[in-house]
Amino acid sequence: DGVAPGRGIKCSLCTKVLKKIQALAGDDPDESAVQAALQKGCRALRGARGRQCQQLVKKYQEQISEGLQNGDLPRDICTAMGICRS
C-alpha cells in the first residue's frame, strides 16, 4: 500500500497532518510559508505521532510543498504520495 514497512504512516495521520500544515500555511502559500508550516505542523503532535509526522514531512517534503502551493486537497496529496488509496 505504498507505506514504508514498519513505519505505518496511515492515511488518517497523513490527512490530519496536511490539514494542519495547510491551515498554518494560509490560503495562497508560497514556498517559504509552506516550509514554515511544515516545521510547525509536527511540533503540535506528541510522541510517536510526532515522529511519524517528522518522517512524513522529511520524506515527502517536495510533494507536500508542491501540492499545497497548487491548492491540492490534503487527501489528494496523501493519495499522490501513495499513503492513501484513491
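The table for this structure:
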| item | result |
| --- | --- |
| Filtered residues of region 21-35 (kept if open to solvent by less than 90 Å² (accessible area, probe 1.4 Å) and either in a helix (DSSP H, G or I) or at positive phi (or both)) | Ile21, Gln22, Ala23, Leu24, Ala25, Gly26, Ser32, Ala33, Val34, Gln35 |
| Total residues in region 62-86, condition in a helix (DSSP H, G or I) and open to solvent by less than 60 Å² (accessible area, probe 1.4 Å) | 8 |
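The values are calculated or read from the model by the stated rules, or taken from the named source; none is laboratory data. In this text the structure is predicted, and so the values were computed from the model without any measurement. All accessible areas refer to the heavy atoms of the entire protein, side chains included, with ligands and DNA or RNA removed. Shrake-Rupley method; radii C 1.70, N 1.55, O 1.52, S 1.80 Å.
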